Protein chains: 2
Amino acid sequence: MAAVVTSPLKGSRADRTRATEARILSVALDSFGTKGFDSVSLDDLAADLGITKQAILYHWSSKRALLDAVIDRAALELIIEFDGALSEEGSGWSRVESIVRRIFRVAMRRPELLGFIREISRIGGDASLRVTADLEPFVSRATNYFEREMDEGRIRRCDPGLLLVSAYSTVLGAATEVEVLRAVGIEPTLRSTVVRRRELLSFLHAAMVAP
Amino acid sequence: MAAVVTSPLKGSRADRTRATEARILSVALDSFGTKGFDSVSLDDLAADLGITKQAILYHWSSKRALLDAVIDRAALELIIEFDGALSEEGSGWSRVESIVRRIFRVAMRRPELLGFIREISRIGGDASLRVTADLEPFVSRATNYFEREMDEGRIRRCDPGLLLVSAYSTVLGAATEVEVLRAVGIEPTLRSTVVRRRELLSFLHAAMVAP
DNA sequence: AGGAATGTTTACCACTTGGTAAGTGAATCG
DNA sequence: CGATTCACTTACCAAGTGGTAAACATTCCT
C-alpha cells in the first residue's frame with residue numbers, strides 16, 4: 001500500500017499550486033468583471049486573496065498574462081453554461097424557451113461573467129479575437145442549432161451568425177439590466193425579471209415586430 | 001453701433017473659456033464612455049485635446065470633479081435625446097414604435113453616451129444617485145407618459161418605474177449590441193439592427209411572452 | 001499706458017502602478 | 001540526511017498617476 005502513494009500527501013505541492021491559481025483566477029474574474037480590468041490593481045487583487053502581488057506574478061508573468069488566463073477561464077465557464085443551456089430537453093419553441101430562461105438565469109447568477117465578456121470587448125485588440133476563438137465550439141454548435149431550426153421552419157430564415165450575435169448581446173443586456181436593478185436598489189429575482197421582461201417584450205414586440 | 005459691442009470680440013475671453021470647457025467635457029465624455037473612467041488619465045485626455053493636464057485641473061479641481069461635470073453633461077444630453085423621443089408625433093403603439101426607433105438610433109449615434117451611463121453605474125457610490133437625480137425630469141415625464149398610456153388601455157398595467165428601468169436597460173443592451181457588432185467587424189446601421197432585432201424579438205417573444 | 005484678472009504652461013511632488021531581484025522556509029528527491 | 005526545487009515574501013525600481021506651486025502670457029479694466 002505504500003507503493004501506491006509515493007508521498008505522505010498525494011501531490012500536495014502541485015495540488016496547492018493548482019488550488020492557488022484557481023483561487024486567483026476566480027477572484028480576478030470577479031473583480032475584472034465587476035470593476036473593470038484597469039480599475040483593479042494587482043495589489044488590490046492580492047489583498048483580496050491575502051497574498052502579495054508578487055505571488056500572482058510568480059504564476060503569471062504579467063497582469064496581461066493573467067488577463068489572458070482569466071479570459072480562458074471565462075470562455076470555458078461560458079461554454080459550460082451555454083452548453084448546459086443548449087442540451088436542454090424539448091424541441092421548437094419550448095426548447096427555445098428553456099434556453100432563454102437558462103441564459104437569463106446565467107445573467108443573474110453570474111453577472112461578473114458576462115460583465116467580464118463586455119469588459120474585454122472594450123479592451124479590444126487581441127482579447128476580443130481570443131474570445132471568439134475560444135468560443136468557437138459554442139458558436140458552431142449554436143449555428144448548427146439555428147440552421148436546423150430554420151430548415152424545419154421553426155425560426156424565420158436569416159444569417160445564423162447575426163442571430164447569434166443578437167442573442168449574445170441580449171444576454172449582455174440582461175446582465176446590464178441586473179446591474180442596473182441592483183444599482184437602483186432592487187434585488188433581481190428570476191421571477192421579477194421574467195415578469196418585467198414579459199411586459200417589456202410585449203412593449204417592444206408591438207413596436208418593432210408588428211407591421 | 002459701437003456702443004452695442006463693448007469689446008472688439010464680444011465676450012471673447014469668457015466665450016473661449018466656455019468653448020474650452022465644452023471641448024474638454026466632450027472629449028472626456030467620449031473617452032470615459034468608451035474606455036472607462038479609470039482607463040483614461042488626465043494626461044491622455046489633455047493629449048487628445050492638445051493641452052496640458054493642468055489646464056484641465058484649472059477648470060475642475062480634481063478628476064472626480066470633472067467626472068461629476070461629465071455626468072451632468074451626459075444626463076443633460078440624455079434628457080435632450082429622450083425628450084426628443086418623447087415628443088414624437090402619434091399615439092398608442094405607433095408612438096411607441098417611433099420612440100423605440102429613436103432610442104435605438106441614439107444607441108447607434110451616441111454609443112459613448114450610453115456606455116458612459118453604464119460606466120458610472122459601475123463606479124457606483126454617489127454617481128448613480130446623482131444620475132437618477134439629474135434624470136428626474138425625464139423620469140417623471142416618462143412615468144407620466146406610461147401612466148397615461150395605461151389609463152387609456154394602450155399599455156398593460158404595471159409599475160411605471162419598473163417599466164422605465166426595463167426600457168432603460170434595454171437601451172444599454174442596444175448600446176452593448178452596437179459595441180459587440182463593431183468588435184466582430186460589422187458596422188451597425190439602423191436598418192441592420194432593426195432587422196436583426198425584429199428576428200430576435202420574435203425569437204424571444206415566442207419564448208417569453210407566449211403562454 | 002499700467003496693473004489686475006485670467007487661462008495656460010513648466011516644474012515639481014507624493015503616491016500608486018506593473019514588474020524585477022534577491023532572499024526565505026517548506027516540500028521534494030537523491 | 002543534505003541538496004535542490006518550489007511557492008512565496010521582502011526589498012526595490014522606473015514609469016505613470018492625480019494634484020500643487022509658481023512662472024508666464026494674454027485679455028480686461030481704468
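The values are calculated or read from the model by the stated rules, or taken from the named source; none is laboratory data. Fair warning: this is a prediction, and the values are worked out from it, not measured in the lab. Positions of Cβ are backbone-derived with ideal geometry, glycine not excepted, and every protein chain shown enters the neighbour counts.
Among the residues making up the stretch A:32-59, a single one is more than 11 Å from DNA strand C (Cβ to nearest atom) and of a type in the set (S, T, N, Q): A:Thr34. Using the structure shown, decide if A:Arg105 is away from DNA strand C (no atom under 16 Å from the Cβ) and at pLDDT 85 or above. No; evaluated as a whole, the condition is false for this residue.
Restricting the first member to the stretch B:48-66 and to residues that are of a type in the set (Phe, Trp, Tyr), and the second to residues that are modelled with pLDDT under 95, the beta-carbon pairs closer than 8 Å and six or more apart or on different chains are B:Trp60/B:Ala69.
A:Ala22 fulfils the conditions (1) within 18 Å of A:Glu77 (Cβ to Cβ); (2) touching a residue at least 40 places away in the same chain (Cβ under 8 Å) except for a single criterion, (2).
Among residues of the stretch A:22-40 being within 10 Å of chain B (Cβ to nearest Cβ) and of a type in the set (Ser, Thr, Tyr), the one that is farthest from DNA strand D (Cβ to nearest atom) is A:Thr34.
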